[in-house]
Each structure stands twice: as C-alpha cells, then as structure tokens.
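Q: The structure under discussion is supplied below as structure tokens; questions concerning it will follow.
The values are calculated or read from the model by the stated rules, or taken from the named source; none is laboratory data. Predicted model, so just to flag it, every value in this text is computed and none were measured. Cβ coordinates were reconstructed from backbone atoms using ideal geometry, including for glycine residues, and neighbour counts include every protein chain displayed.
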Amino acid sequence: MKERRKYKRAGKYFAVNIVACDMDGKHLQFDNLKANPKFCDESGLDFTPDGVKIMCSKPLPKESKIQMKMLIPDESGLNLIRATGTIRWIKQVKGKYKKYLILGVHFRDLPEDEKDKLIRLWKKYS
C-alpha cells in the first residue's frame, strides 16, 4: 500500500486535552461539563506537521471538528500547542481492561506560530 503522508510520524507520547467538538453543527464544550470532567483528557501517540494520532476513551464521530490543546515535552519543558482539527479515521482497539478508540486527526487552520512550534518538535522526534 502506498504511503499517503507527506511527513514521517514522530513517535512521542504526550497529553491531549480536547476542549470542544462540533458534530454536525452541534457544539460540545467539554471543559464546562462537571458530570464528566475527564471526557477530554486523552493521550497523543504520534504527530506530524499535518496531524495527530490520539488514543481516546470516549467515542467521537468521524468528520467531527475538534479543538485541542497538546502538551508535547522536550528537554526545556512542556510545549503547549493549541490546534483545531477534523477526525479523519477511527479504529477500535482492545486494551487489557477496556476498549479504546484511536483517532486520526488532520489539523485545520493552524496558526503560524503554533505550526512553527510543532515543526520544531516534529524535527526533534522524527
């Protein structure tokens, strides 16, 4: 199968906080939900300048638009990157105790300063 990515994935685990999700015009703001505060705290598995792979404990529909904050560490500390993206693919995997979803998210409208930070980190880890 031909590789479709422009960039090699940088295999680095990091924290991802999904702040909001827009599903077919229905907007969910997770950071204001008291009933389920951990809904949005997930793990990033790898990233490129174009997108990110996230291990997610809750289902989010394909083609949903999400807002997220990523905390990618390096030797100088944690780098906060704010990004928006679209969920392009979903794969269900079985963990030791429960099932997880792996989400492939393509970045949309990444601000230039955030993209510069992401590219710097990507070069370091790829």
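Q: For residues that are aromatic (Phe, Trp, Tyr) and more than 13 Å from ASP46 (Cα to Cα), tally how many sit in segment 106-126.
A: Residues in segment 106-126 being aromatic (Phe, Trp, Tyr) and more than 13 Å from ASP46 (Cα to Cα): 1 in total.
Q: Condition first: closer than 26 Å to SER126 by Cβ, hydroxyl-bearing (Ser, Thr, Tyr) and at pLDDT 85 or above. Can you find one or more residues in segment 59-72 that meet it?
A: Looking for residues that are closer than 26 Å to SER126 by Cβ, hydroxyl-bearing (Ser, Thr, Tyr) and at pLDDT 85 or above, one finds none in segment 59-72, hence no.
Q: While we're looking at this one, here's another question. Surrounded by 16 or more Cβ atoms within 10 Å (Cβ to Cβ), out of contact with any Asp or Glu (no Cβ under 6 Å at 6 or more places or on another chain) and not hydrophobic (A, V, I, L, M, F, W, C): is that true of GLY104 in this structure?
A: When the stated conditions are applied, GLY104 passes them.
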